[in-house]
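First up is the structure itself, then whatever we jot down about it.
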Amino acid sequence: MSLVAQQTIAIDQDLPSIDKPISQRQIDCYSGVRPRSIHTDPEWARKKGFAAPLAQGMMSSAYVSQMMVALLGEGFVKGGKMNVKFIKPVLAGDTLTMHGRVREKQPEGERTRVVVEFWCENQDGIKTMVGEASGLASS
Amino acid sequence: MIEFRRISYDAVQVGEQFTSNDLVVKPEDLDTFAYAVDDHHPWYFEDSPFGGPIVHPTLLANQALMMRHNKFVVDAGLHAAMQFEFIEPIRVGMRVRTRGKVVDKYEKRGRHYMVTEFVTTEEDTGQILLRGQFTQMFFPD
């Protein structure tokens, strides 16, 4: 496995942010359309107290994966870890921005584990997801 | 034959086990996922350093979440937390299955939660592809 050299990654380095406008059609594709679903049935979502259907939290975890693959490549696909907390609902029509910052580099055998703090904000600047992801780099 | 029950804090027991359906990862699954999350990295469509294309590391996350639907009627739940460990790359053509177990349920600030551990394997080889844990909040009636 060819890993990114840890020397090319700096602690406190900000990762390029990723914008994600989320359409109902994308939510439908992710979750599969069915009645009585807060993701794909607008009437059911309203009944449960939401102004619009919710994007599945897991969609946001895919954005974390995208950011980590861009940073670490193979070392995230094989050896990556992710720990996510979904803190606010994401609605159809929202635009999320994914942010990440390198927090630490830890020796792991002959390799280095690069730990990234990440968070997602919606178009109003409200955090919808926070967490930590990591993957392997060469020492 | 399975007798489906509506999922609730009382209905779910710690130690309860879940199994997903088999899924053959298909090219259309990859296309649909890429569109849904707007991630069209070339490793998923052309070639990757692992030899041939792979799929998005979180593509099978919904197989883990949907395990509960094989035992319960799940009208709604809010996903509170998720942990992943990516062990091996996933590829189109693999036949995969996820198995899980409820490891905790608890009440916090008047809300009820369940915690489920899961492992996803390639069925033909037994190779573990990913594992993790998810926490769901039960929706109040």
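Rule-based calculations on the coordinates, nothing more; no lab input. As the structure is a computational prediction, the values presented were derived from the model and not from experiment. Every residue, glycine among them, receives a Cβ derived from its backbone with ideal geometry; neighbour counts consider all protein chains shown.
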Check your understanding: Taking neighbour counts of Cβ atoms within 10 Å as a proxy for exposure, in what order, fewest first, do B:Val25, A:Val33 appear?
Key -> A:Val33, B:Val25
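First obtain the Kirkwood hydrodynamic radius of the protein assembly as shown from its Cα pairs, then insert it into the Stokes-Einstein equation at 37 °C and 0.692 mPa s, and state the resulting D in µm² per second as a whole number.
Working: Rh = 19.3 Å.
In µm²/s, the coefficient is 170.
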Review point. For the stretch A:5-139, what's the radius of gyration and Dmax over Cα atoms, in angstrom?
Key: 16.8, 54
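If N is the number of residues in the stretch B:9-101, what value comes out of its Cα radius of gyration divided by 2.2 N^0.38 Å? Show your work: numbers first, answer last.
Values: Rg = 15.2 Å, N = 93, 2.2 N^0.38 = 12.3 Å.
So the stretch B:9-101 has a normalised radius of gyration of 1.23.
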Review point. Going by alpha carbons, how many degrees (0 to 90, nearest 10) lie between the helix axis of B:27-37 and the longest principal axis of chain B?
Key: 70 degrees
**Study point:** Note, ³J(HN,Hα) from phi for the stretch A:66-79, Karplus 6.51, -1.76, 1.60, rounded to Hz, x at Gly and Pro
**Key:** 4, 5, 6, 5, 5, 7, 10, x, 4, x, 9, 4, 10, x
Revision key, fill the gap. Ranking A:Ser23, A:Ala5, A:Gly73 by how far each Cα lies towards the positive end of the charge dipole of the stretch A:1-81 (+1 on Lys and Arg Cβ, -1 on Asp and Glu Cβ), the top one is A:Ser23
Check your understanding: Once the Cα atoms of the stretch B:56-141 are picked out, what are the Rg and Dmax in Å?
Key -> 13.9, 44
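Quick one: order B:Leu30, B:Leu130 by neighbouring beta-carbon count within 10 Å, fewest to most.
Numbers: B:Leu30 20, B:Leu130 24.
With the fewest neighbours first, B:Leu30, B:Leu130 line up as B:Leu30, B:Leu130.
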**Study point:** For B:Asp75, residues with placed amide H under 5 Å, excluding near neighbours
**Key:** B:Ile7
